[in-house]
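In what follows, a structure is listed as structure tokens, so that the remarks can point back to it.
The values are calculated or read from the model by the stated rules, or taken from the named source; none is laboratory data. All of these numbers come straight from a predicted model, not from anything done at the bench. Please note: Cβ atoms are built from the backbone with ideal geometry, for glycine as well, and neighbour counts cover all protein chains shown. Protein only, heavy atoms only, side chains kept; ligands, DNA and RNA dropped before computing areas. Shrake-Rupley method; radii C 1.70, N 1.55, O 1.52, S 1.80 Å.
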Amino acid sequence: MSKDQQLRLEANQHAAKQKSIVEQDPYRLHYHVMPPVGLLNDPNGFIQWRGTYHLFYQWMPFKTGHGSKFWGHYSTQDFVHWKQEEIALAPSQWYEKNGCYSGSAIEHEGKLYIFYTGNVKDDDGNRESYQCLAVSDDGIHFEKKGPVIERPEGYTAHFRDPKVWEQDGQYFMVIGAQTKELKGAVVLFRSRNLVDWTHAGILTGGGNGRIKEYGYMFECPDLFHLEGKDILVFSPQGLEPEGMKYQNVYQAGYVTGTFDSKTGTFKHGGFYELDQGFDFYAPQTTKDQQGRRILFAWMSVPDQNEQDNPTIKHHWLHNMTIPRELKCIGGKVYQVPVRELADLRVNEAVEHRIELKQKNQQFEGVHGKAVELLAEDIIVSKGWFDITVGEAARMVYSSEQKIFTLERQSYVDGVVEKRQCRLNDLKNLHIFVDTSSIEVFINDGEYVFSSRFYPSPNNESIQFGASEKSCFTLKKWDLTKIF
Ligand code: FRU
């Protein structure tokens, strides 16, 4: 048996053996992509190909920690019915022996090409990285072609996460990097045929330009065009907290500007976080056949108390966000849940105009562990307005301070912790709760808070409160269990 077959067999056997303990976890999610066992991190190779959406993911099947990653694989036609596909990549070759790290997919001459980072560590812990290619005829089985890019001078071995696109008759690739001076950078490559690549220098960061002091490493870059702007999404490491910003261990956000494909340069503005919640990292987008730019992100952050999540007892860890469609409005990126998710809805409860001036108010039919809530035409003219889910996550808007806060009970020590943003006005809230995850879309997706939280498993309560008279309309749906 080849090393590759061996690794696949071991991963599948391990998953089968752990299946019942994993599935007994009350915190298993109902409609979010999660690993069958072990640890999931970044979305990889996200693409709609021959009509089907393929979502690959960083997967450690054997434990709930990081290590020599596989590419796991799910597919869907509609973001509602998902199919678990066979393992796409196992770290079996010398150039990837310590992990088939993150990367992207592109169609070429009717085939599916995936680019990923081969991570290699020697016995002394020295790292090397190779950008590798694998090609598929059917989107399921991949033939590895090995490294197509070796690390150029000027960067440390933290050089990874290739994202490839076609533009103006050429192919481009961005790579997340660290310069020899230990600055985070996004590096650009070009190619005519997807096999021979030329280093075209640093696109941004690396101690120069608009984001020169932005930490020591940029991970998972993604450059795309959206409604007249070029947007570069990446995940910088090493930013210090600044007011309400940069509260997580590492960040994920974007800059907008103009990419010149001739000169390979990118003029852009300042950095904005994509999500204000506790758990959001390494987002990746694709443009689908309807022309929508859709994003998935890993709903966690590296090195941020990952091992304290209670799901570890059930031998699994982490999940993806729900898929979101991106819009660019006034130079800002908005995120809205993809419309297909409406097909998950059952048991609608509608409350017409509600006038509220009391704490802990509950409404008929408005409770549950996997629900969607839509509060619209909200008016909080004085004081505060709040929604509490499972007595473990609370959203509160203060009209005096003009601050929106998400509080959760820490899964590390039970203490209440918070994330915040400034809001001129709270107009609407679109909330997706799924047993142990919450995603809050504020004011049509201008701000998003994504977080894990762990209410006691039988607590399905949803409570509303206001210190002074507040008004809103409310809709609630139960969301179908699809995983
Ligand atoms: C981001 C990341 C990537 C890397 C992958 C390894 O979370 O560190 O930079 O490719 O995870 O799993």
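Taking 22 Å as the cut-off for C-alpha to C-alpha distance, list the pairs among 402/427; 262/327; 359/418; 183/418; 63/145 that go past it. In this structure, 262/327; 183/418; 63/145 exceed 22 Å between Cα atoms. Residues whose amide H lies under 5 Å from that of residue 89, counting only those 5 or more places away or on a different chain, are 71; hydrogens are built 1.01 Å from N in the peptide plane.
Available extension along the chain between residue 181 and residue 402 is 75.5 nm, counting 0.36 nm per residue and deducting the alpha carbon span. Note on residue 312: accessible area is roughly 40 Å² with a 1.4 Å probe, heavy atoms of protein only. If I take every Cα pair under 8 Å that is 6 or more residues apart in the range 3-337, average their sequence separation and divide by the length, what percent do I get for the relative contact order? It comes to 14 percent, rounded to a whole number. For residue 180, the lysines whose Cα comes closer than 17 Å to its Cα, not counting residues fewer than 8 places off in the same chain, are 212. Taking a ≥ b ≥ c as the square roots of the eigenvalues of the Cα gyration tensor of the chain, is the shape rounded (a/c under 1.5), prolate (a/b larger than b/c) or oblate? Note, shape of the chain comes out prolate. The angle separating the long axis of helix 3-23 from the principal Cα axis of greatest extent in the chain is about 10 degrees. Only the Cβ atoms of Lys and Arg (+1) and of Asp and Glu (-1) were treated as charged; on that basis the dipole of the chain about its Cα centre amounts to roughly 280 debye.
Neighbours of residue 370, meaning other residues whose beta-carbon lies under 10 angstrom from its beta-carbon, give a summed charge of -2 when Lys and Arg score +1 and Asp and Glu score -1.
When a 1.4 Å probe is rolled over the protein heavy atoms, the share of accessible surface on the range 1-152 that falls to carbon and sulfur comes to 45 percent.
Accessible area per residue, 1.4 Å probe, Å², for the chain: what's the number?
Numbers: 19050 Å² over 483 residues.
Accessible surface, normalised per residue, equals 39 Å².
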